[in-house]
1. Could you grab the pairs with beta carbons closer than 7 Å, sequence gap of 6+ or different chains, first residue in region 166-181 and under 14 Å from R145 (Cα atoms), second one among the polar types (S, T, N, Q) and modelled with pLDDT of 95 or more?
2. Can you tell me which residue is nearest to the ligand (Cβ to nearest atom) among those in region 129-138 that are in a loop (DSSP other than H, G, I, E, B) and touching a strand residue (DSSP E or B) at 6+ places or on another chain (Cβ under 9 Å)?
3. Of everything in region 177-217, what is touching a Lys or Arg at 6+ places or on another chain (Cβ under 8 Å) and either closer than 20 Å to T3 by Cβ or surrounded by fewer than 23 Cβ atoms within 10 Å (Cβ to Cβ) (or both)? Give them in sequence order.
4. Suppose the filter is over 15 Å from the mean Cα position of the chain (by Cα) and touching a residue at least 24 places away in the same chain (Cβ under 8 Å); does S212 pass it?
5. Counting only residues that are of a type in the set (A, V, I, L, M) and either modelled with pLDDT under 95 or more than 12 Å from the chain's Cα centre (by Cα) (or both), which one in region 137-169 is surrounded by the fewest Cβ atoms within 10 Å (Cβ to Cβ)?
6. Does V126 satisfy being more than 14 Å from V21 (Cα to Cα), touching a residue at least 12 places away in the same chain (Cβ under 8 Å), more than 12 Å from the ligand (Cβ to nearest atom) and not in a loop (DSSP other than H, G, I, E, B)?
Amino acid sequence: MITVPADPSPYEFEPARTALVCIDFQRDFVEPGGFGETLGNDVSSLRSAIAPTERVLDAARQLRLTVIHTREGHRPDLADLFPAKRDRGAPTLRIGDEGPMGRILTRGSRGHDIVPELYPAAGEVVLDKPCKGAFYATDLETILRARGVTHLVLTGVTTEVCVQTTAREANDRGFDCLVLADCTGSYFPQFHRAALQMISAQGGIVGWVADSAALLDAIRIGGRA
Ligand code: TIU
């Protein structure tokens, strides 16, 4: 058992029953010319999450955690794209349009793929999802239950959209979630802070929050990596 100092209380996990989930570390969110920028965002604010997540991913691989990488995006024929998502707002390019990194948020395009620093290794699960939550319209729950996973360590972008949605979906399914604050990022610093507070408030109403250093120290103290 590994115990991580966290908000609102220590987070305990057994590596064999824990998955690291890296949410949507795709060029479309963290690089210029992608989906995030079409929505009017400064994408540079998300990049700070990449280096700490690299360290956590390395430790997770050494600990032999289940590793899940998610990608938000759509089939090339856009058959899984709700009009409500396609037509919302006034982006400079819409999902499926051709951009500098290929078609926006479309499977198979360069922009849809994961950044090189966090690229999935052989044997890790890559989960394509059409919406914000990683459980909705995917086989994530089946994959986790089949492996006996009960605990999730969450990283990814953006904190208040796909990370928070996934944490809430996981919590309602009975998974204990630790969100790593510095391994998540938002286009809006105030939303990042608020989303993390909403997770750990009320005695951990959605889950636990810690920095990656606390997790990595706990793993080292446990002598596990
Ligand atoms: N726009 C925004 O903040 N996020 C998304 O659209 N998707 C994810 O968070 N991955």
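1. As it stands, the answer is F175/T150; D176/T150, since those pairs meet every condition given.
2. This residue is K132.
3. The answer is V206, S212, L216.
4. No.
5. Ranking the qualifying residues of region 137-169, first place goes to A146.
6. no
The values are calculated or read from the model by the stated rules, or taken from the named source; none is laboratory data. Here the structure is a predicted model, which is why all the values come from computation and not from measurement. Ideal geometry is used to build each Cβ from the backbone, glycine not excepted, and the neighbour counts take in all protein chains shown.
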